[in-house]
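Asker: To start, I am sharing the structure in question, which I have written as structure tokens.
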Amino acid sequence: MDSYRGARTALIVGAGVAGLTAAAALARGGWQVEIVEIGPPEAPSGWGLCLTGPALRALGELGLADACLAEGYGMSTITHVDVNGEPVGEVQLPRLIGARRPAMAGIARPVLHRILHAEAERCGVVVRHGVTVAAVDQEGELVCARLSDGTGRRVALLVGADGIRSSVRGLLGLETSLDFHGQMVWRALVPRPLWATGIHQFAGKAGTAGLIPLSRRQAYVFLTENAVEQSVLPDTELAPRLRQLLESFPGRVEEIRSLVSESDSVVRRPVLTALLGGAWSRGNGVVIGDAAHAPAPQMASGAALAVEDGLVLAQELGRHESVGAGLQAFVSRRTQRCRTLVETSVEIAVLEQAQRHHEAYPLAGSCHRLMAEAA
């Protein structure tokens, strides 16, 4: 990449959902793209995620929606269950990629990573692992980036897609806080019960639990633990503690609880959000995905925002003669939509902790309908 000096060279930091999507979309538009990723080349381990309608719509524009549906689990409903184990409503989500196709899909994180990684490489993107950006300077219309291995890059565009704790955000001089919301979220991979054909969310007296199918055979359990401090538990304590927390839920959660015993993949993370209140870019550098706007998991839409970011970034850069103008248009187009999603997710987290689930459900539904509008 050191030899490329044109107006269409890009360096992306981070090979996650936002970075890989942006790389593929830019490469399709004629950009020469390199990704640097500090992590190893193996696909990330972990649970799964939900590709809501906006994510499937954006992936469809890249020709990847069918692959995700084939390897994930298509669904269209969210079933809410009250503290007594009784269903209190079913939300039908908007079907954005056709009336006969699912509204959303659960998918294992490693599977989505493999699909996006393969598409980026098919488009000619170079992905380098074990390296990241250490310093950034703007020289005229080029960004000069010094990498952690001592090499340098001179490119027309630098994209920070390196997550909620983004280092690129700081290197560009963009500041935001990471806000903790008094919740720890648990996730565990389990066999999918036959009755789980959509998302099920269970209200509890001390938290919220749920189940999201990821494939015909697999699902993941989630539990949001309220009124706790950030802490780290030994891996050996995770599964027993999650089973204990699920004890307070009646009905079908008892079956979910028994499935956790079979899981060798339980994680516990703090519910953190981040939102850049001002600029997302400086010079020819920009941050996208969680580096710019990380929502709480309550809306299951972090991946949707990340995929949309990558696609819209390539679209706006393709419509403008200069990188600066393209970045300005990108940020203008994305700011309010992403802010609404993040703020709504936080409001739902507050309502959950106050046991006001009857207010949280319609709020989530209205936000999903808003997100169904064109990005």
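Read the figures in this text as sums done on the coordinates, not as results from a lab. Computed from a prediction, not measured in an experiment: that's the story for all the values here. Glycine gets a Cβ as well: all are built from the backbone with ideal geometry, and neighbour counts include every protein chain shown.
Asker: In nanometres, what is the gap between the two model label sites at ASP82 and GLU254, each 7 Å from Cα along Cα-to-Cβ?
Answerer: Taking the two extended label points, one gets 2.0 nm.
Asker: Which FRET efficiency value, to the nearest 0.05, is calculated for ASP137 and THR236 with the Förster distance at 30 angstrom and r the Cβ-Cβ distance?
Answerer: According to the calculation, E is roughly 0.05.
Asker: A follow-up question, please. Separation of the range 256-293 and the range 135-168 by C-alpha centroid, Å?
Answerer: 22 Å
Asker: Full extension from ALA206 to SER148: what is 0.36 nm times the residue separation minus their Cα-Cα distance, to one decimal in nm?
Answerer: Value of the extension gain: 16.4 nm.
Asker: Let me ask something else about it. If you line up the long axis of helix 109-122 against the longest principal axis of the chain, both from Cα atoms, how many degrees apart are they, to the nearest 10?
Answerer: For 109-122 against the chain, the angle is about 20 degrees.
Asker: Relative to the longest principal Cα axis of the chain, at what angle does helix 323-353 sit, 0 to 90 degrees, rounded to 10?
Answerer: The angle comes out near 20 degrees.
Asker: Skipping prolines and chain starts, which residues have an amide H placed within reach, meaning under 5 Å, of the one on GLY89, given they are 5 or more residues away or on another chain?
Answerer: Close amide H contacts, sequence-distant or interchain: HIS80.
Asker: What is the distance in Å between the Cα centroid of the range 23-65 and that of the range 217-241?
Answerer: Cα centroid of the range 23-65 versus Cα centroid of the range 217-241: 27 Å apart.
Asker: So for SER281, SER148, fewest C-beta neighbours within 10 Å to most, what's the order? Can you show the working numbers first?
Answerer: Details: SER281 24, SER148 14.
Final ranking by Cβ density, sparse to dense: SER148, SER281.
Asker: Taking the mean number of other Cβ atoms within 10 Å as a proxy for protection, how do you rank 319-330, 151-162 from highest to lowest?
Answerer: Numbers: 319-330: 16.7, 151-162: 24.0.
Top of the packing list down: 151-162, 319-330.
Asker: Now for a different question. What residues have an amide H closer than 5 Å to that of LEU51, excluding those fewer than 5 places away on the same chain, when H is modeled at 1.01 Å from N in the peptide plane?
Answerer: Under 5 Å from the amide H of LEU51: ALA105, GLY106, ILE107.
Asker: Another question about this same structure. Could you work out the helix-only [θ] at 222 nm for the chain, with each DSSP H run of four or more residues adding -39,500 (n - 2.57) and the total divided by the number of residues, to the nearest 500 deg cm²/dmol? Mind showing how you got there, number by number?
Answerer: Values: 10 runs with 131 residues, N = 375.
Computed mean residue ellipticity for the chain: -11000 deg cm²/dmol.
Asker: Related question: With θ set to phi - 60°, apply the Karplus curve 6.51 cos²θ - 1.76 cosθ + 1.60 along the range 188-198 and write out the HN-Hα couplings as whole Hz, x wherever there is a Gly or Pro.
Answerer: Result, rounded to whole Hz: 8, 6, 9, x, 7, x, 4, 6, 8, 10, x.
Asker: Give me the distance in nm between label points sitting 7 Å out from Cα along the Cα-to-Cβ direction at VAL267 and LEU370, one decimal.
Answerer: Output for this residue pair reads 2.8 nm.
Asker: Please list, in chain and number order, the residues 5+ apart from VAL143 or on another chain whose amide H is under 5 Å from its amide H, with Hs placed from the backbone.
Answerer: VAL155, ALA156, LEU157
Asker: Let me ask you something else. With Rg and Dmax of the Cα atoms in Å defined as stated, name the option among (i) 23.2, 75; (ii) 20.5, 65; (iii) 19.2, 57 computed from the structure displayed.
Answerer: Matching entry in (i) 23.2, 75; (ii) 20.5, 65; (iii) 19.2, 57: (ii).
Asker: Once the Cα atoms of helix 302-319 and of the chain are each reduced to a long axis, what angle between those two axes, in degrees from 0 to 90 to the nearest 10, is obtained?
Answerer: 20 degrees
Asker: For LEU311, LEU275, which order do you get if you count the other beta carbons within 10 Å of each Cβ and list the fewest first? Please report the intermediate quantities before stating the final value.
Answerer: On the way: LEU311 22, LEU275 18.
In increasing order of surrounding Cβ atoms, one gets LEU275, LEU311.
Asker: Would you list ILE288, ILE212 from fewest to most Cβ contacts within 10 Å?
Answerer: ILE212, ILE288
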